[in-house]
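Here the structure is laid out as structure tokens; the discussion comes afterwards.
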Amino acid sequence: MSQSAPKGLRLHIGLFGRRNVGKSSLLNAITCQQVAIVSNVAGTTTDPVEKPMELLPLGPVLFIDTAGVDDVGALGEMRIARTRAVFDRTDLGIIVTAGGEWGGFEAELLAALTAREIPVLVVMNKTDQARAPEALATELALKKIPLVHTVAVTGEGIGELKRRIVEQAPTDFLASPAIVSDLVGPGEMAVLVVPIDKEAPKGRLILPQVQTIRDLLDHDALCLVVKERELRQALAQLKTPPRLVVTDSQAFLKVAADVPPEVALTSFSILFSRCKGDLLTQVEGALAIDRLQPGDRVLMAEACAHHPIGEDIGRVKIPRWLTQYVGGPLAFTHVQGHDFPADLHEYQLVIQCGSCMLNRREVLGRIVRCREAGVAVTNYGLAISYSLGIFARALSPFPAALELLRSLGQGTPGGQ
Ligand code: SF4
């Protein structure tokens, strides 16, 4: 993958530690660039600084250089809150300390990361001044947590640190479910339906479409991309039916009418529910639409910040379809990017977009938080297909999801 791989596909590596232990210098040494503000005044780094880079053989990673979490005072509290939010999107944590220091603060960081089951390694920086105490080295060895000695400003130990990062890369990052390539074999055909309307960005396709095409090409599948208006004509020209049709969720109804019932059909955002999150939980979450009452609160979470244009899917279309389904007005709240409310109790339903811009850990973290708060969580494509009455059809490529519906006594809700 190239340096311009989307952020959501990168392993997210968080650098944590006290002020002035050399986190920024370490980041500069690893990336061989000046990427963060560095000074010997404690607390110079205020906001998390993100630096994408290529780390072979892992591929694309994103380093997140955090503010010192031991900051004091009002501004310091803001920095600490932002740093803790970085935990939510961290695939691998690096605790940086220096001069042989290891106290309750580092122990707390280690406990917080391991409690979240985030793989972690410890860097003792500035070892030209002092190395890690023997007791610490022994304790970390017992816990199987790697300890690396570095002098960031001279580059000493940086090679070993890179190797350790590769070793510690979490397996779930490496084994993310495929986008689509397990559903369409080599030589088989997928038809992708991409409406080009005024909400479509000028001159390009959006990321979930591009990533789906790339996954098909990488796995030697055939790929035909059409607008919804030409779909019927395209299908008629194929000698054999396609293995799968994937549509933009907004065109679900028309596409479902044009695709023969024996051909599997789903949407880009349902593919991404599986690859970025947890399809079965979000399928179950869609069933909560039936329990919604007028006046209930629904949180719409969109992982990229764009200006809503015209009939925006999150602001206009989904609210309209859900309101029609429920038979009365609902109260919608919208959040974008990494924003996600700390308290979810006031919501009856959370609807997450396909999340192509987020990493899987962040989406899974949101799902866990919804579960903890007892709030149903689903995603755009699932909510749309449910409210339009084509839920089972939209899940036809996923036997486990259909089995789940049967086990919940749902038969084929929204089936055709
Ligand atoms: S709205 Fe969500 S799925 Fe769509 S492009 Fe943005 S991040 Fe990706």
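Evaluate 2.2 N^0.38 Å with N set to the residue count of the stretch 263-416, then give the Cα radius of gyration divided by it.
Relative to the 2.2 N^0.38 Å estimate, the stretch 263-416 comes out at 0.96.
In debye, nearest 20: dipole of the stretch 287-409 around its Cα centre with unit charges on the Cβ of K, R (+) and D, E (-)? Intermediate values should be presented prior to the final figure.
Details: 12 positive and 11 negative charges, 55 e Å.
Result for the stretch 287-409 is approximately 260 debye, rounded to the nearest 20.
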Quiz prompt | Positive-end residue, the chain charge dipole about Cα centroid, Cβ charges, pick of Ile179, Ile367, Gly409 | solution = Ile179
Quiz prompt | the stretch 242-284 pair-distance distribution - Cα-Cα, 5 Å bins, rounded % | solution = 6, 22, 26, 22, 17, 6
Exercise. Determine the order of Leu253, Leu330, Leu299 by accessible area, beginning with the largest, at a probe radius of 1.4 Å.
Key: Leu253, Leu330, Leu299
Quiz item: What translational diffusion coefficient, in µm²/s and rounded to a whole number, does the Stokes-Einstein relation yield for the stretch 215-306 at 10 °C and a viscosity of 1.306 mPa s, taking the hydrodynamic radius as the Kirkwood radius over Cα pairs?
Solution: 101
Quiz item: Given only helices, namely DSSP H runs of n ≥ 4 each adding -39500 (n - 2.57), what is the per-residue ellipticity at 222 nm of the chain, to the nearest 500 deg cm²/dmol?
Solution: -10000 deg cm²/dmol
Quiz item: Quick one: accessible area per residue over the stretch 312-380, 1.4 Å probe, rounded to a whole number of Å²?
Solution: 41
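Counting other Cβ atoms within 10 Å of each Cβ, which GluC sites (Glu not before Pro) in the stretch 287-351 have at most 16 and sit in a DSSP loop?
The qualifying sites are Glu311, Glu346.
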Quiz item: Taking the Cα-to-Cβ direction at Asp128 and at Asp312 and moving 7 Å from each Cα, how far apart do the two end points lie in nm?
Solution: 5.2
Practice problem: Taking the dipole about the Cα centre of the stretch 279-336, with the C-beta of Lys and Arg at +1 and of Asp and Glu at -1, give me whichever of Ala303, Gln336, Pro319 is farthest to the positive side. | Solution: Pro319
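Exceeding 25 Å between C-alpha atoms, which entries from my cross-link table qualify? They are Lys202/Lys317; Lys143/Lys276; Lys23/Lys276; Lys239/Lys317; Lys202/Lys227; Lys51/Lys126. Numbers along the way, then the final one.
On the way: Lys202/Lys317 20 Å; Lys143/Lys276 30 Å; Lys23/Lys276 30 Å; Lys239/Lys317 35 Å; Lys202/Lys227 15 Å; Lys51/Lys126 22 Å.
From the list (Lys202/Lys317; Lys143/Lys276; Lys23/Lys276; Lys239/Lys317; Lys202/Lys227; Lys51/Lys126), the Cα-Cα distance tops 25 Å for Lys143/Lys276; Lys23/Lys276; Lys239/Lys317.
Of all trypsin sites (Lys or Arg not before Pro) in the stretch 211-283, which ones are in loop regions per DSSP and have a Cβ with at most 12 other Cβ atoms within 10 Å? List each step's numbers first, then the result.
Working: sites: Arg214, Lys227, Arg229, Arg232, Lys239, Arg243, Lys254, Arg274, Lys276; in loops: Lys227, Lys239, Arg243.
Taking the stretch 211-283 and a limit of 12 other Cβ atoms within 10 Å, the loop trypsin sites (Lys or Arg not before Pro) found are Lys239.
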Quiz prompt | Proximal aspartates and glutamates to Lys162, defined as alpha-carbon separation beneath 14 angstrom and excluding residues fewer than eight positions away on the same chain | solution = Glu54
Quiz item: With all protein chains present, how much of the accessible area of the chain (probe radius 1.4 Å) comes from carbon and sulfur, to the nearest whole percent?
Solution: 54
Quiz item: Under unit Cβ charges (Lys, Arg +1; Asp, Glu -1), what dipole magnitude, rounded to 20 debye, does the chain have relative to its Cα centre?
Solution: 560
Quiz item: Using unit Cβ charges (K, R positive; D, E negative) and no other charged atoms, how large, in debye to the nearest 20, is the dipole of the stretch 217-338 about its Cα centre?
Solution: 200
Self-check item: P(r) weight above 22 Å for the stretch 92-247, C-alpha pairs, percent
Solution: 60
Exercise. Amide H neighbours of Lys227 under 5 Å, at least 5 residues apart or on other chains, H built in the peptide plane: list them.
Key: Val194
Practice problem: Apply the Debye scattering formula to the chain, with a single equal point scatterer on each alpha-carbon and no solvent, then give log10 I(q)/I(0) at q = 0.10 Å⁻¹. | Solution: -0.75
Quiz item: Taking a probe of 1.4 angstrom, what is the accessible area of Val368 in Å², to the nearest 10?
Solution: 80
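The values are calculated or read from the model by the stated rules, or taken from the named source; none is laboratory data. Please read all numbers here as calculations on a predicted model, not as lab measurements. Cβ coordinates were reconstructed from backbone atoms using ideal geometry, including for glycine residues, and neighbour counts include every protein chain displayed. Just the protein is used for accessible areas: all its heavy atoms, side chains included, with ligands, DNA and RNA removed. Shrake-Rupley method; radii C 1.70, N 1.55, O 1.52, S 1.80 Å.
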